[in-house]
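The values are calculated or read from the model by the stated rules, or taken from the named source; none is laboratory data. Remember, it's a predicted structure, so these values are computed and weren't measured experimentally. Note: ideal-geometry Cβ built from the backbone for every residue, glycine included; neighbour counts use all protein chains shown.
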Amino acid sequence: MSEVDGLGTREKIIALFEENRGRFFSGEDIAGELAVSRAAVWKVVKSLRQEGYPITAVPNRGYCLSEEADIISMQGVQKYLQPVCGCVRMEIQPVLASTNTLARERAAEGVCEGYTVIANGQTAGRGRSGRGFYSPFDTGLYMSLVLRPHHYSAARAPGLTTMAAVAVCEAIEIVSGKNAQIKWVNDIYVDGKKVSGILTEASVGLENGILEYAVLGVGINVSEPAGGFPKELEQIAGAVFQNRPGDGKNRLAAEFLNRFMYFYNSRERDWVESYRKRSLVIGKKIEVICGGQSREALALDVDGECHLMVRYEDGTTESLSSGEIRVKLA
């Protein structure tokens, strides 16, 4: 059994199960290892099962967390984290209105960089431009990371979004083996369907224009919700997995953090070329939407700052640092 000192009984039991998926432990063995009563073990296991943990209880064998379990937990994420994520501290909730909203509250309270809020569902998830972000319970992963970058101006904040887009793609590819692409600037697609969106929000000092903190929000459709996506999304939205994966959420959350923190702490701009290679709009006709108006253009390239270079029908060109585009992917 692993060393889990410093945690409460509930957290110790979760850590034990997470590190030994598919293995049975008797209530007596767990109680002895953790120096608690068998009644305390039974109470915690009962509570975890009510929360959705697929823990099997078999007479004369004990308790076992299924190897196919796909439920997010702090201990489940931590077992996949790499040393580069040493600053990461997690708060996991079953359901929140918005992980970005809670993360911003925590940032204002002074939490350190790396504080990460994760939820299994959102009731008021937000996308760009004030739009809602569909966040059904249990089939998605919703997380927001507090960052305190040094000497970042508001103009540099979009770089966090592009960095995160590559990290999401790499996490999806590591866990699922599928290719992921980026629709400029912050949407992730797999097999022609949107599976993830990114929303970066920040607090900027009024006197110096420097970021006091940034909150990086990521939503990933891990598997398709029961009954499918709502009608207005069924032609657009997809999921990383067709069927619920064993430990998919914990692995996706950890791999995203591993890849993002690597890019964030690196002096090299490793992600820029990767962002460009994953673009699904280069060479395609698009609509550039600005100020409520749209103009048709050809997407030419993504430059070293991850700006989208376009040529309009009148022959003029522009380098877009922000905004919204539409592209027909079929």
Could you pull out the residue among 146, 175 that is buried (at least 19 other Cβ atoms within 10 Å of the Cβ), at pLDDT 95 or above and within 22 Å of residue 244 (Cα to Cα)?
-> 175
Answer yes if at least one residue in segment 61-68 is within 25 Å of the chain's Cα centre (by Cα), polar (S, T, N, Q) and within 22 Å of residue 250 (Cβ to Cβ), and no otherwise.
-> yes
Which one of 265, 243, 258 is in the same structural domain as residue 196 (by TED's automatic domain parsing) and out of contact with any helix residue (DSSP H, G or I) (no Cβ under 9 Å at 6 or more places or on another chain)?
-> 243
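Quick check on residue 304: is it modelled with pLDDT of 95 or more and outside any strand (DSSP E or B)?
no
In this structure, is residue 254 under 30 Å from residue 66 (Cβ atoms), in contact (Cβ under 8 Å) with a residue 40 or more places away in the chain and among the hydrophobic types (A, V, I, L, M, F, W, C)? Explain how you work it out, then say what you get.
On the way: under 30 Å from residue 66 (Cβ atoms): yes; in contact (Cβ under 8 Å) with a residue 40 or more places away in the chain: yes; among the hydrophobic types (A, V, I, L, M, F, W, C): yes.
So residue 254 fits the description; yes.
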Can you find even one residue in segment 163-174 that is on the phi > 0 side of the Ramachandran plot, within 16 Å of the chain's Cα centre (by Cα) and not aliphatic (A, V, I, L, M)?
-> no
Only one residue in 110, 121 is in contact (Cβ under 8 Å) with a residue 24 or more places away in the chain, farther than 27 Å from residue 302 by Cα and either of a type in the set (Val, Ile, Thr) or in the same structural domain as residue 213 (by TED's automatic domain parsing) (or both), so which one is that?
-> 121
Within segment 88-108, is even one residue among the acidic types (Asp, Glu), surrounded by 20 or more Cβ atoms within 10 Å (Cβ to Cβ) and over 14 Å from the mean Cα position of the chain (by Cα)?
-> no
